[in-house]
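One structure is given below, encoded as structure tokens.
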Amino acid sequence: MKSIIYLAALFAAAGAWADASAAKVDWTTYGFNYARTANNAYEKTLGVTNVAGLKEKWATGIDGGAITAQAIVGVDIATPSGPRDLVFAGTQRGTIAAIDAATGQIVWTRSTGYTVAGCGDLPDGQFGISAAMTYSKAEKRLYTMGGDGALYALNPATGATVAGFPVRILPDAAREHVYGGLTSYDGAIYVAVASMCDQTNYHGRVVRIDTRTAHAVTNAFYADFATMRPGGHHISQPGSGGGGIWGPGGVSLDTTTKQLFAATGNLLDSASEHDGYGDQVVRLNLDLTVADAHYPGLANPNGDVDFGSTPVLYQFGAACPLSLAVINKSGLLFTYRRTEIALGPLQRLPNNSYTGDVAVDTTNQQLIVTNLDSVQAWRASGPSCALTLAWQTPASSGPYGELGQAVSPPTIANGVVYYVNGAGGTFYAIDAKTGAVLFSAAAGGNGFAAPTVVNAQVFVPAWDGKVHAFAQ
């Protein structure tokens, strides 16, 4: 058992004057957990009273490519040079890096390539790694989508490829792309597929990859669903095209009911944008058959008002319904009873949003939502647990194409909300209860990835190609 003195030394080396008795935790997946709540309830050091003392401790560049996906953290990984806490990040030039959390030193890198697309959504049109990785501590594997359209399983200590990988996921990596964080559960990885800049002739879908034996795609759900293949594995067949799954969390997972939740984009070559399962909130079984779905009726005079977020699962106390929240590009935040999606939304709340996800503040029983020009807190109250606006803090990001029309998804830990104001390039920490700004700092220009807050450190990826680490 590590001594208190040894633990204190580790925290000091990381620049974090933490309670030495606090156990370190991993940040293994987008949003911290399967529900994608973006809430690290284990963080007890950084909080409202001391977050103003944050300082940038290091900023590590990888290959010059923009970093747009949330960083993942694994603690006490047995590297060849000894145990280290590692930050895993990937760039739009397709490089994966493991960075020492205490020092910012690069421990290893891997290149997976990238594709140049004819649109301006990303710098230089380079599409490499856009999806948050997932770290399986039990398997000692780091899973990531490569810029070449394949799923990689890597040894987190060395970056070496695990036998049986990579597995080809995207047959057309020049047209299809993965933005959503990967989900590792019970011997499978679930990957949500969209496209380069919503180009035609792609098929939005969720695929299941067996990671134990088959090392292949075994099941699939297509948003532009045409027919279901009879017998054997459940693999729906692609239809007219479109229906991308764009949310940065990919799919969320209820481990009690063992069901997945996705929100889809519009179809492209169909009579209606919501044909099949386009523009819908969908509940899926683990074999990717559809359990429930709903199209909420969207005002779309110019089309393309698809869902740009991942359904985030929450419940504010036993008396409140099991719910989900999801953002639509029409400027609405929808909440659903997640066991009865087909009945329609519980609420439609004005949000002025575009893309991104929400964070769940269980302490104050509220949802934290970033949008085009502010951060909002929607607080539950009354016997129905209905949400009403508790506070709103300006957070203007400035224009930068389609992705620039959004602030990063928020992260919450110990009463503090963290986010980057998009093209504004400023990293903020605000009081979750009141919305008051507690801290701000420049963070590498454009920042659209949710901060990772773990073990008294904050990791902020940015378009300057660096991961920025803040601590006290």
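Some notes on this structure:
- Distant-in-sequence amide H partners of residue 279 (H built 1.01 Å from N, under 5 Å): 264, 265, 266, 267, 307
- Couplings for segment 379-384, taken from phi via the Karplus curve 6.51 cos²θ - 1.76 cosθ + 1.60 with θ = phi - 60°, read 9, 7, 7, x, x, 8 Hz in order; Gly and Pro are left as x.
- In the structure shown, the pairs 24/433; 140/466; 140/433; 140/258; 140/329; 55/137 are assessed against 28 Å; a Cα-Cα span above that value is assigned to 140/433; 140/329; 55/137.
- Ellipsoid equivalent to segment 93-132 - semi-axes via the Cα gyration tensor, in Å: 25, 10, 7
- The 3J(HN,Hα) values that the Karplus relation (6.51, -1.76, 1.60; θ = phi - 60°) gives for segment 463-470 are, in residue order, 6, 7, x, 10, 9, 9, 10, 10 Hz. Gly and Pro appear as x.
- With DNA, RNA and ligands ignored, accessible area of residue 179 (1.4 Å probe; Å², nearest 10): 40
- Dipole of segment 131-228, positive direction: furthest Cα of 216, 157, 191, with charges on the beta-carbon: 157
- Accessible carbon and sulfur surface of the chain relative to its total accessible area, %, 1.4 Å: 53
- Under 5 Å between amide hydrogens, built in the peptide plane, is the criterion, and for residue 85 it picks out 76, 77, 101, 102 among residues at least 5 positions away or on other chains.
- Each principal axis of the Cα cloud of segment 169-282 was evaluated for its coordinate range; sorted largest first, these ranges are 39, 31, 30 Å.
- Relative contact order (percent, whole number), segment 148-279, Cα cutoff 8 Å, 6+ residue spacing: 19
- Peptides 91-104, 27-40, 279-292 ordered by packing proxy, namely the average of other Cβ atoms within 10 Å per residue, highest first: 27-40, 91-104, 279-292.
- Computed label-point distance, nm, for sites residue 287 and residue 362 using a 7 Å Cα→Cβ extension: 3.3
- Rg/Rh ratio calculated on Cα atoms of the chain (Kirkwood radius): 0.94
- Taking a ≥ b ≥ c as the square roots of the Cα gyration tensor eigenvalues, segment 270-359 comes out oblate, since a/c reaches at least 1.5 and a/b does not exceed b/c.
- Mean-position separation - Cα centroids, segment 64-121 and segment 137-167, in angstrom: 13
- Using a probe of 1.4 Å, the accessible surface attributed to residue 57 totals some 90 Å² when neighbouring protein chains are kept in position.
- Normalised by the number of residues in segment 264-376, the mean separation of alpha-carbon contacts (under 8 Å, six or more apart) gives a relative contact order of 18 percent.
- Here the chain is assigned +1 on the Cβ of each Lys and Arg and -1 on the Cβ of each Asp and Glu. Its dipole about the Cα centre then comes out at about 1040 debye.
- Computed helical MRE - 222 nm, the chain, DSSP H runs ≥ 4 contributing -39500 (n - 2.57), nearest 500: -500 deg cm²/dmol
- Our coupling estimate for segment 186-197, obtained by passing each phi through the Karplus curve with A = 6.51, B = -1.76, C = 1.60 and θ = phi - 60°, is 6, x, 9, 10, 9, 10, 9, 10, 10, 8, 7, 6 Hz, Gly and Pro reported as x.
- Prolate/oblate/rounded call for segment 77-156, Cα gyration tensor, a/c under 1.5 rounded: prolate
- With all protein chains kept in place, the per residue accessible area of the chain amounts to 34 square angstrom at a probe of 1.4 angstrom.
- Annotation: amide H-H contacts under 5 Å for residue 425 (H modelled 1.01 Å from N, sequence separation of 5 or more, or interchain): 447.
- Label-point gap, in nm, between residue 168 and residue 50 - each point 7 angstrom along Cα→Cβ: 5.3
The values are calculated or read from the model by the stated rules, or taken from the named source; none is laboratory data. Please read all numbers here as calculations on a predicted model, not as lab measurements. Every residue, glycine as well, gets a Cβ built from its backbone with ideal geometry; the counts of neighbours run over all protein chains shown. The protein model used for the area step is the full one, side chains on, heavy atoms only, and it has no ligands, DNA or RNA in it. Shrake-Rupley method; radii C 1.70, N 1.55, O 1.52, S 1.80 Å.
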